[in-house]
Amino acid sequence: MTKNTADDFKALIKEERKKLPTPFDVSYKAFIDLGYDKKDKEWFFDNASEFVENMRSQGWTDFKQYERKFTNAMLLKLVEPEKLKGMDPVKAIETFITDHSDEMYNLLLSNTQSRRSRTGKEFEAIIELMLIGADIPAEAQGAVGKQKFMDEKIGKLVDFVSPGVVQYLHNKVNTVLISAKTTLRERWQEVPEEVARTGAREMFLATLDDSISKETQDILYEGNIYIATTANNKKQAYNNNGRIFSFEDMLNRASDMANKWNNESYSQEELDHMCDHLERQIKSHKNHKYVRDYYQNKLTELKKIIPEN
């Protein structure tokens, strides 16, 4: 094929990939299929690690099916029936591969890059669903907006703030920040300084990484960044290190901090911001009934305490 045609196919890959289920769609399907929408909040506190492991496994199984169908459909778009007509199967395959090696390479490369970007987003979705299941109030950067997190100096590395942005601005000490990263990069050794600038008391780094160096562990811990992972990963990779927390520990900590706000009074402006953030989360999950209903219920409860003008 000509270079222009190969470039056209690359553009088509990008356009068609947009039709795949989003990372949250995949995680939400796994959540419903595994019956987690029927669990009470205590179950999540007791089984958070199991939840993350099962969600990752089911999500990966489901995504591979979507990706396989996508790959097959894209390859079929390259088939030229008239050119291959009359050839024996082996010759037809050889001709197809020879004619479309560039396109096939671009498709496989695109699949690899897509997997990498989706992995982190699906992990964030799993953490959000875990927080919702445990009924821990939190606001996600993905729904509230990255710019909002940056404007309020929460930081681009933070994926969730609990109970929320308003509480963070009101009293940073009694809030919990969570960053979800499947694996760490060396840059995390520089993060404590960035977190210190926010004025937050602590941040949890939710991760599945099983090879965080002792040096990085110490740097993060001294900077009040607490690594949280599955109970199995903590036991197998980190020898049950007391400085490494389980997801169960993280949920309990976030719950304790959220409870400190139970009798808090807010200004009208703060209440308006809280409503706005809930409405944003509702809008971003219009196709995820369990999640949408959860945030809608929170909004309804909040509006009950807002005085009428």
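The values are calculated or read from the model by the stated rules, or taken from the named source; none is laboratory data. Computed from a predicted structure; not experimentally measured. All Cβ positions, even for glycine, are placed from backbone atoms using ideal geometry, and neighbour counts span all protein chains on display.
Of all residues in the range 242-288, how many are surrounded by fewer than 18 Cβ atoms within 10 Å (Cβ to Cβ) and assigned to a loop (DSSP other than H, G, I, E, B)? Counting residues in the range 242-288 that are surrounded by fewer than 18 Cβ atoms within 10 Å (Cβ to Cβ) and assigned to a loop (DSSP other than H, G, I, E, B) gives 11. Annotation: of all residues in the range 106-135 being part of a helix (DSSP H, G or I) and small (Gly, Ala, Ser), the one that is nearest to Leu184 (Cα to Cα) is Gly120. Tallying residues that are hydrophobic (A, V, I, L, M, F, W, C), more than 18 Å from Glu124 (Cα to Cα) and in a helix (DSSP H, G or I) within the range 48-105 yields 12.
Residues of the range 27-70 that are polar (S, T, N, Q) and surrounded by fewer than 16 Cβ atoms within 10 Å (Cβ to Cβ): Ser57, Thr61, Gln65. Of all the residues in the range 203-221, those that are closer than 22 Å to Arg253 by Cα and under 20 Å from the mean Cα position of the chain (by Cα) number 7.
Given the structure, is Ser49 within 26 Å of Ser255 (Cα to Cα) and at pLDDT 95 or above?
The answer is yes for Ser49.
Restricting Lys19, Lys29, Lys14 to residues that are within 20 Å of Thr119 (Cβ to Cβ) and in contact with a Pro (Cβ under 9 Å, 6 or more places away or on another chain) narrows the list to Lys29.
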